[in-house]
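Since the structure comes first, as structure tokens, the remarks are kept for the end.
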Amino acid sequence: MPAPVWLILPTYDERENLEPLVGELLPVLARAAPESFRILVVDDASPDGTGALADALAARLEAVQVLHRPAKEGLGPAYLAGFDVALRAGARYVMQMDADFSHDPADVVRLLAAARGGADLALGSRYVPGGGLAAPWHPARRALSRAGCWYARTVLGVGVRDLTGGFKCFARGGLEAIELHSVASHGYAFQVEMTYRVLRRGLRVQEVPILFHERRHGRSKMTAAIALEAAVRVPRLRLGAPGAR
């Protein structure tokens, strides 16, 4: 019987975080999806050995699978590759989250419940009542995050408050409706584009409040080039991205 619930973990130099994260996810998913689930690690040839560690986990844990990609191509292509594997395997619900503990594994339960309750996309949101930051950010960082969400919401004309959020659960129909082959964003603009495509199809997006945490180990992958891509991509989406009409 195909596993109905898949969780995609894209990794690049996350060796220190991966094993403890999988360790916390396994009992949570066992409770949330007792029928069956899979954790798919999508590794972009991490030079720190994350891919080899993922293989070792998969060798001893039936629920873990690994997809190796030959080079670092960005967040978007990694998720799209993972979505393709999950959908081909018969997934009914496909989840995504960061591999650095910025998303609390315990919140998987509530996102999956929202999708099972009728949401085409359940989105872990920092900016709805009950959501927020687990630890205070520097005021400049917080202002930048808020401004990015405001910019995307204003340009795209949508009401979702956390358009840049990356903790999500898609119902299968939601993913199939948005023409994944034409998604063009590579960096964090990918999060905006995916949510916007769901909205433009007239599908239901439900924001689930979450607390956002600091990464446990390693360094952020955010760069000026990634931020620039997001700034440029957002107005292009409004003008009419393929598959987002």
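Which fully enclosed helices (runs of 4 or more DSSP H) of the range 134-245 have 1 or more residues being modelled with pLDDT of 90 or more?
Counting at least 1 such residues, we get 172-176, 189-200.
Under the condition of being open to solvent by 30 Å² or more (accessible area, probe 1.4 Å) and outside any helix (DSSP H, G or I), which residue from the range 99-129 is farthest from Val41 (Cα to Cα)?
Pass one, the range 99-129, residues open to solvent by 30 Å² or more (accessible area, probe 1.4 Å): 104, 106, 109-110, 113, 116-118, 120, 129.
With the extra rule that they be outside any helix (DSSP H, G or I), the set shrinks to 104, 117-118, 120, 129.
Working: Asp104: 17, Gly117: 27, Gly118: 27, Asp120: 23, Pro129: 32 Å.
Checking each candidate, the answer is Pro129.
Could you list, in sequence order, all residues of the range 18-40 that are more than 14 Å from Val5 (Cα to Cα) and among the hydrophobic types (A, V, I, L, M, F, W, C)?
Those that are more than 14 Å from Val5 (Cα to Cα) and among the hydrophobic types (A, V, I, L, M, F, W, C): Leu18, Leu21, Val22.
Being of a type in the set (D, E, K, R) and more than 29 Å from Ala184 (Cα to Cα) narrows it down to one of Arg92, Arg31, Arg88, Arg38, so name that one.
Arg31
Consider Glu62 against the criteria (1) at pLDDT below 95; (2) open to solvent by 30 Å² or more (accessible area, probe 1.4 Å); (3) more than 26 Å from Leu237 (Cβ to Cβ); (4) not in a helix (DSSP H, G or I): it satisfies all of them except one. Which criterion is unmet?
Result: Glu62 passes all but (1).
Taking the condition open to solvent by 10 Å² or more (accessible area, probe 1.4 Å) and either in a helix (DSSP H, G or I) or modelled with pLDDT under 95 (or both), does Leu87 pass?
Criteria met by Leu87.
Please enumerate the residues belonging to the range 190-207 that are of a type in the set (A, V, I, L, M, F, W, C), over 12 Å from the mean Cα position of the chain (by Cα) and open to solvent by less than 10 Å² (accessible area, probe 1.4 Å). Give the steps one after another, and end with the answer.
Residues of the range 190-207 that are of a type in the set (A, V, I, L, M, F, W, C), as a first pass: 190, 192, 194, 198-199, 203, 205.
Imposing the further condition that a residue be over 12 Å from the mean Cα position of the chain (by Cα) reduces the set to 198-199, 203, 205.
Matches in the range 190-207: Val198 only.
Determine the pairs where a residue that is within 16 Å of Ser46 (Cα to Cα) and among the acidic types (Asp, Glu), located within the range 72-87, has a partner that is open to solvent by less than 30 Å² (accessible area, probe 1.4 Å) and not in a helix (DSSP H, G or I) with Cβ atoms under 8 Å apart, the partner being 6 or more residues away or on another chain.
Glu73/Asp44
Can you work out which of the residues in the range 153-177 that are more than 30 Å from Ala3 (Cβ to Cβ) and without any contact (Cβ under 8 Å) to a residue 60 or more places away in the chain is least open to solvent (accessible area, probe 1.4 Å)?
Within the range 153-177, the first condition is being more than 30 Å from Ala3 (Cβ to Cβ), and the residues that meet it are 153-159, 161.
Subsequent filtering for residues that are without any contact (Cβ under 8 Å) to a residue 60 or more places away in the chain retains 153-154, 158-159, 161.
Values: Arg153: 59, Thr154: 78, Val158: 29, Gly159: 58, Arg161: 96 Å².
Among residues in the range 153-177 that are more than 30 Å from Ala3 (Cβ to Cβ) and without any contact (Cβ under 8 Å) to a residue 60 or more places away in the chain, the one least open to solvent (accessible area, probe 1.4 Å) is Val158.
Could you list, in sequence order, all residues of the range 26-59 that are among the aliphatic types (A, V, I, L, M) and touching a strand residue (DSSP E or B) at 6+ places or on another chain (Cβ under 6 Å)?
Correct list: Leu29, Ala33, Ile39, Leu40, Val41, Val42, Ala54, Leu57, Ala58.
On the basis of being at pLDDT 95 or above, within 25 Å of Val183 (Cβ to Cβ), of a type in the set (Gly, Ala, Ser) and surrounded by 18 or more Cβ atoms within 10 Å (Cβ to Cβ), does Gly82 make the cut? Talk me through it step by step, then tell me what you get.
Values: at pLDDT 95 or above: yes; within 25 Å of Val183 (Cβ to Cβ): yes; of a type in the set (Gly, Ala, Ser): yes; surrounded by 18 or more Cβ atoms within 10 Å (Cβ to Cβ): yes.
Yes.
Identify, by number, the condition in (1) over 19 Å from the mean Cα position of the chain (by Cα); (2) within 27 Å of Pro2 (Cβ to Cβ); (3) open to solvent by 20 Å² or more (accessible area, probe 1.4 Å) that Leu67 doesn't meet.
Of the numbered conditions (1) over 19 Å from the mean Cα position of the chain (by Cα); (2) within 27 Å of Pro2 (Cβ to Cβ); (3) open to solvent by 20 Å² or more (accessible area, probe 1.4 Å), the odd one out for Leu67 is (1).
Of the residues Arg92, Arg116, Arg110, only one is within 24 Å of Glu214 (Cβ to Cβ) and among the basic types (Lys, Arg); which?
Details: Arg92 fails: within 24 Å of Glu214 (Cβ to Cβ); Arg116 fails: within 24 Å of Glu214 (Cβ to Cβ).
The match here is Arg110.
The values are calculated or read from the model by the stated rules, or taken from the named source; none is laboratory data. Just so we're clear, the structure is a prediction, and the values are computed from it rather than from any experiment. Methodologically, a virtual Cβ is constructed for each residue, glycine included, from the backbone with ideal geometry; neighbour enumeration extends over all protein chains shown. The accessibility values were calculated without ligands, DNA or RNA, using every heavy atom of the protein model including side chains. Shrake-Rupley method; radii C 1.70, N 1.55, O 1.52, S 1.80 Å.
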